[in-house]
Amino acid sequence: MSATLQTSDLVAAANRLRDRLAAARARARPQFAWYPYDSLSNVYQLERLLGPRYDFLLHGAQANGVLDVGCADGELSFLFESLGCRVSAVDHPLTNHNHMRGIRALQRLLDSAIDIQEVDLDSQFSLPGECHGLTLFLGILYHLKNPFYVLERLARQSKYCVLSTRIARCFPDGAPMPKDRPIAYLLESAELNRDNSNFWIFSDAGLRRLLKRTHWEVLEYHNVGDTSASNPTSPDRDERVFCLLKSHFGLANVALLEGWHKAEDAGLRWTERRFSVRVSSDAIARPERMVMRLFVPSALIEQYGPITLSASADGEEMPPLVFDDPGDHTFTGRFKPGCPSEVVTFTLDKALPPDDSDPRERGIIVASIDCE
């Protein structure tokens, strides 16, 4: 299917896929048990979370691929493949319900070309591909020993992510968790569903803090289930969050053109004297301004004195900014009405040249760029 993908296509496509999956499973006669939960039911939450407002996100998934983390038997992977997306499906045989025999059997029976990867998320893992348009990360977070590391790794290789996980408002004894306090509850090995693969249940504030610290911006956030007295352990006190996230790691939210060095461990990037970005075509509406958080190194000021940063959007000049002091600064440039504002080019009047300690030309360090 090569037509432009829309959120409204998801439910109908899932219903078509159900029939194909049922026929494939009937032919399989497996010596293993299929994953017992209905992964395709997540499309109703996806439809609610995205809506036509985020159709552009699905266009990016078609262009840049989908990463399905914790794919189970691969139902969502096959769904997005049927909608014209390249899909990498990731799980780990030791924790997958049928040791990934289910997804491999369905891949064969459906004549699918999805890329299946065995990845242990509790290790210092690597992921396939460079940067995916959309990552699906549904019902996995509380099964991880180190959720911080995993979310940060995903932010390095994803533009957007749909995440779902269990959260709690109360402790298991019913006592309320302090509101607005970032809390993570560590489960005993058999405390939730007698399943020792469950680890961390976050409070609402705890999950939001975790997402912020791992370079994700929350675009949409929906709660379902028990939204008044949920706790980490009771089946009848189960609350889930579905959220749409946008990565800010290494400026993943804009298209980097010339003059950028590789992202540092914290997601910051050095620039050269001249550097540029393309305002992503996935913006919901034409932006009115660009806000760039940056750091001016002390060596630059000590060597050259005040530094001037100039910018232009498709040839239309923005007011320059002069840095007299090192440290954190913010550049704000407004787009002129009617300006296409696709490419923004920045120029510093001075930069550190390559030397024995660093072979790169170095201008400033950019933490984030947002178009509003």
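List the pairs whose first member sits in region 114-141 and is free of Cβ contacts under 8 Å to residues at least 24 places away in the same chain, whose second member is open to solvent by 30 Å² or more (accessible area, probe 1.4 Å) and assigned to a loop (DSSP other than H, G, I, E, B), and whose Cβ atoms are under 7 Å apart, counting only residues at least 6 apart or on separate chains?
Within 7 Å, no pair qualifies.
Do we find a residue being more than 23 Å from Q45 (Cβ to Cβ), in contact with a helix residue (DSSP H, G or I) (Cβ under 6 Å, 6 or more places away or on another chain) and open to solvent by 60 Å² or more (accessible area, probe 1.4 Å) anywhere in region 134-152?
Pass one, region 134-152, residues more than 23 Å from Q45 (Cβ to Cβ): 145-146, 148-149, 152.
Next, only the ones that are in contact with a helix residue (DSSP H, G or I) (Cβ under 6 Å, 6 or more places away or on another chain) stay: none.
The answer is no, given that none of the residues of region 134-152 is more than 23 Å from Q45 (Cβ to Cβ), in contact with a helix residue (DSSP H, G or I) (Cβ under 6 Å, 6 or more places away or on another chain) and open to solvent by 60 Å² or more (accessible area, probe 1.4 Å).
Which of the residues spanning region 176-190 are buried (at least 16 other Cβ atoms within 10 Å of the Cβ) and of a type outside the set (G, A, S)?
Of region 176-190, the ones buried (at least 16 other Cβ atoms within 10 Å of the Cβ) are 177, 182-185, 187.
M177, P182, I183, Y185, L187 - these are the residues of region 176-190 that are buried (at least 16 other Cβ atoms within 10 Å of the Cβ) and of a type outside the set (G, A, S).
Which of the residues that make up region 183-208 are among the small types (G, A, S) and not in a loop (DSSP other than H, G, I, E, B)?
Residues of region 183-208 that are among the small types (G, A, S), as a first pass: 184, 189-190, 197, 203, 205-206.
Scanning region 183-208 gives A184, A205, G206.
Got a sec? Which of R194, R209, R213 is surrounded by 13 or more Cβ atoms within 10 Å (Cβ to Cβ) and of a type in the set (K, R)?
Values: R194 fails: surrounded by 13 or more Cβ atoms within 10 Å (Cβ to Cβ); R213 fails: surrounded by 13 or more Cβ atoms within 10 Å (Cβ to Cβ).
Unique residue meeting the criteria: R209.
What number of residues within region 322-350 are more than 22 Å from R278 (Cβ to Cβ) and open to solvent by less than 60 Å² (accessible area, probe 1.4 Å)? Talk me through it step by step, then tell me what you get.
Residues of region 322-350 that are more than 22 Å from R278 (Cβ to Cβ), as a first pass: 322-329, 349-350.
Now narrow it down to the ones that are open to solvent by less than 60 Å² (accessible area, probe 1.4 Å): 323, 327, 329, 350.
So the count comes out to 4.
Conditions (1) open to solvent by 10 Å² or more (accessible area, probe 1.4 Å); (2) in contact (Cβ under 8 Å) with a residue 60 or more places away in the chain; (3) more than 26 Å from L219 (Cβ to Cβ), marked per residue:
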position	(1), (2), (3)
D238	yes, yes, no
L251	no, yes, no
A266	yes, no, no
T308	yes, no, yes
G315	yes, no, yes
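Just one of the numbered conditions (1) open to solvent by 30 Å² or more (accessible area, probe 1.4 Å); (2) in contact with a helix residue (DSSP H, G or I) (Cβ under 9 Å, 6 or more places away or on another chain); (3) at pLDDT below 95; (4) not hydroxyl-bearing (S, T, Y) is not true of P319; which one?
Just one mismatch for P319, condition (2).
Please give the strands (runs of 3 or more DSSP E) falling wholly within region 232-311 in which 1 or more residues are under 17 Å from the mean Cα position of the chain (by Cα).
Numbers: elements: 239-247, 260-263, 269-271, 274-278, 289-296.
Qualifying strands (runs of 3 or more DSSP E): 239-247, 260-263.
Just one of (1) surrounded by 15 or more Cβ atoms within 10 Å (Cβ to Cβ); (2) at pLDDT below 90 trips up A285, so point out which.
Condition not satisfied by A285: (1).
Can you report the number of residues in region 33-55 which are open to solvent by 40 Å² or more (accessible area, probe 1.4 Å), of a type outside the set (D, E, K, R) and over 15 Å from L163 (Cα atoms)? If you could, list the steps in order and put the result at the bottom.
Within region 33-55, the first condition is being open to solvent by 40 Å² or more (accessible area, probe 1.4 Å), and the residues that meet it are 33-38, 41, 44-45, 47-48, 52-53.
This time we only want the ones that are of a type outside the set (D, E, K, R), so: 33-37, 41, 44-45, 52.
Retained after the next criterion (residues that are over 15 Å from L163 (Cα atoms)): 33-37, 52.
Final tally of qualifying residues: 6.
What pairs come out if I take residues in region 205-218 that are under 14 Å from F242 (Cβ atoms) and pair them with residues that are part of a helix (DSSP H, G or I) and open to solvent by 70 Å² or more (accessible area, probe 1.4 Å) whose C-beta lies under 7 Å away, six or more apart or interchain?
V218/R208
The values are calculated or read from the model by the stated rules, or taken from the named source; none is laboratory data. This one's a predicted model, so the numbers in the text were calculated from it and none came from an experiment. Positions of Cβ are backbone-derived with ideal geometry, glycine not excepted, and every protein chain shown enters the neighbour counts. To get the accessible areas, we keep the full protein, side chains included, count just its heavy atoms, and leave off ligands, DNA and RNA. Shrake-Rupley method; radii C 1.70, N 1.55, O 1.52, S 1.80 Å.
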